C-alpha cells in the first residue's frame with residue numbers, strides 16, 4: 001500500500017473515498033485510480049530531471065485511459081506510443097503531437113503517414129527496413145521524418161524474459177554493432193533527419209546498474225557518431241523503472257534520475273525518458289467481488305467476478321499482486337461455522353489460505369495462490385498495484401464486458417470509462433444469411 005490507498009478503521013480507501021462505496025456505486029469488476037498518486041509520480045520525475053533540458057514521455061501502453069492521458073498532458077508530459085491507435089488517443093486527450101515519440105518494431109505505412117501528418121517529435125526506428133519504408137513514405141508526402149535509432153545494447157535487464165527488450169535475442173532495436181552503419185545510411189537519406197538515439201532495455205527493473213550499463217554503451221556510440229559528423233539533439237534513455245508489487249525494493253525516482261544524470265554529466269543533449277509502469281502501477285487497484293467460497297481437501301478457492309480478461313498479468317507472467325479485503329474482518333482462532341460457508345459474526349471470519357480465481361474456463365485464470373484471508377461470500381477484494389497493464393491489456397474473452405474505470409480526486413469520484421455491455425461486444429458482427 002501507499003499513502004493514496006490505505007485502511008481507515010478497517011475500510012480500504014482511495015484518497016478520501018472508501019472503496020466499498022465505489023464498489024456499491026459502480027459495481028465490480030472496477031478499476032480505481034488515484035489522481036493524486038498519478039500527479040505526484042509525474043511531479044517527482046519533473047523535479048528529479050529539472051537540472052537539465054528534458055522531456056518526460058509517458059509510455060501510453062501502460063494505461064491509455066483518456067483521463068489519465070489528459071492529466072499527464074496538462075502536467076506537461078510528452079508521450080511514447082507504439083501504434084497509430086495510441087497516437088489517436090493522445091491527440092483526443094489533448095496531448096501535443098510535437099511531444100510524441102513513436103516506438104515499435106512493426107510500424108505500417110498508414111501509421112507512418114498518420115504520424116507525419118500529425119507532426120510528431122521523432123520516430124524511434126528499429127530496423128534497416130523501417131528506415132527504407134519511412135524514407136519512401138515521407139518522400140511521397142513531401143516531408144522529412146525526424147528519426148532516432150533504437151539501439152539494442154545487449155544489456156541484461158534482470159527482469160522477466162517476456163519484458164526484457166535489450167538482449168541480442170530480443171526482437172527490439174538495431175544491433176549495437178550495426179548501429180553506426182545504419183546511422184550513416186539514415187543521414188544520407190533525403191527524407192530523413194537524424195535527431196537522436198533511443199535505448200530501452202526492459203520493464204520492471206529494480207536496480208540502477210542495467211540502466212547505467214546501457215547508457216554508457218549508448219554514449220560511446222554517440223561519441224563515435226559525433227566523430228563521423230553526425231550530431232544528435234536528444235538521447236532517449238527509455239523507461240522500465242520498476243515498482244513494488246510484493247517485497248521488491250526498486251530505486252526511487254530521485255535515485256534513478258541521479259544515477260542517469262551522473263552518467264550523463266558533461267553532455268549537452270536533451271534527455272528523454274519514457275516512464276510507464278512507475279507512474280501508474282501503484283496508482284490503481286482492481287475491485288472484485290467474491291461470488292463463491294469453495295473449500296476442498298487440498299485447496300480453498302475464492303471465486304471472484306473479475307478474471308484474467310480483466311487483469312492478464314498473473315496468467316501471462318505469473319505476476320504477483322497483493323490482494324486485500326476492502327473491509328477487513330476480525331480474524332478468529334477457530335471456525336464458528338462449517339467450511340461450507342455459513343456466517344459467523346458479520347465482521348468475524350477465520351483466516352484460511354485461498355487461491356483467488358476468476359470464472360473463466362482456464363486453469364490459468366487466477367489472481368493469487370495461497371493467500372491468507374478472513375473473507376466471506378459477497379466480500380469485495382482489492383487487487384493492488386493494478387494501474388499498469390491492467391485495463392490496457394484487458395479483453396472480452398468468454399464474451400465478458402470490460403470493467404468500469406473511475407478516478408478518485410480527494411473525496412470526489414469520476415467515472416472515466418463506462419462498463420461495456422454485451423450488446424456492444426457483438427454490435428459490429430454480421431450473421432450470414
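Here is how the numbers come out for the structure above:
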item	result
Residue match in the range 270-285 (condition: in contact (Cβ under 8 Å) with a residue 12 or more places away in the chain, surrounded by fewer than 19 Cβ atoms within 10 Å (Cβ to Cβ), over 23 Å from the mean Cα position of the chain (by Cα) and in the same structural domain as residue 52 (by TED's automatic domain parsing))	yes
Matching residues in the range 117-132 - criterion: being buried (at least 23 other Cβ atoms within 10 Å of the Cβ) and over 20 Å from the mean Cα position of the chain (by Cα)	120, 121, 122, 123, 125
Residues located in the range 206-217, provided they are within 18 Å of residue 275 (Cβ to Cβ), out of contact with any helix residue (DSSP H, G or I) (no Cβ under 8 Å at 6 or more places or on another chain) and assigned to a helix (DSSP H, G or I)	210, 214
Residue pairs meeting the criteria (Cβ under 9 Å; at least 6 apart or on separate chains; first free of Cβ contacts under 8 Å to residues at least 12 places away in the same chain, in the range 27-38; second surrounded by fewer than 24 Cβ atoms within 10 Å (Cβ to Cβ))	none
Failed condition for residue 7, given (1) within 30 Å of residue 133 (Cα to Cα); (2) assigned to a strand (DSSP E or B); (3) out of contact with any helix residue (DSSP H, G or I) (no Cβ under 7 Å at 6 or more places or on another chain)	(1)
From 306, 319, residue being closer than 23 Å to residue 204 by Cα and assigned by TED's automatic domain parsing to the domain that holds residue 384	319
Wholly within the range 229-322, strands (runs of 3 or more DSSP E) carrying at least 1 residues that are at pLDDT 95 or above and under 23 Å from residue 59 (Cβ atoms)	234-236, 270-273, 284-295
Failed item, numbered, when residue 420 is tested on (1) surrounded by 12 or more Cβ atoms within 10 Å (Cβ to Cβ); (2) in a helix (DSSP H, G or I)	(2)
Within the range 55-74, considering residues that are surrounded by fewer than 22 Cβ atoms within 10 Å (Cβ to Cβ) and either outside the structural domain of residue 262 (by TED's automatic domain parsing) or out of contact with any helix residue (DSSP H, G or I) (no Cβ under 7 Å at 6 or more places or on another chain) (or both), the one nearest to residue 93 (Cα to Cα)	70
Scope the range 183-197; condition within 18 Å of residue 137 (Cα to Cα) and either free of Cβ contacts under 8 Å to residues at least 40 places away in the same chain or in contact with a helix residue (DSSP H, G or I) (Cβ under 8 Å, 6 or more places away or on another chain) (or both); matching residues	185, 186, 188, 189, 190, 191, 192, 194
Residue match in the range 240-260 (condition: in contact with a helix residue (DSSP H, G or I) (Cβ under 8 Å, 6 or more places away or on another chain), in the same structural domain as residue 205 (by TED's automatic domain parsing) and on the phi > 0 side of the Ramachandran plot)	yes
Matching entry among 326, 304 (being in contact with a strand residue (DSSP E or B) (Cβ under 9 Å, 6 or more places away or on another chain) and under 20 Å from residue 246 (Cα atoms))	326
Any hit, the range 61-83, residues being closer than 17 Å to residue 122 by Cα and in a helix (DSSP H, G or I)	no
Candidates 41, 94, 104 - the one that is outside the structural domain of residue 410 (by TED's automatic domain parsing), in a loop (DSSP other than H, G, I, E, B) and crowded, with 17+ Cβ neighbours inside 10 Å	104
Selection count where residues are touching a strand residue (DSSP E or B) at 6+ places or on another chain (Cβ under 7 Å) and either within 27 Å of residue 204 (Cα to Cα) or surrounded by 19 or more Cβ atoms within 10 Å (Cβ to Cβ) (or both), scope the range 377-401	10
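The values are calculated or read from the model by the stated rules, or taken from the named source; none is laboratory data. Keep in mind it's a predicted model, so treat the numbers as computed, not measured. Positions of Cβ are generated from backbone atoms using ideal geometry, with glycine treated the same way; all protein chains shown enter the neighbour counts.
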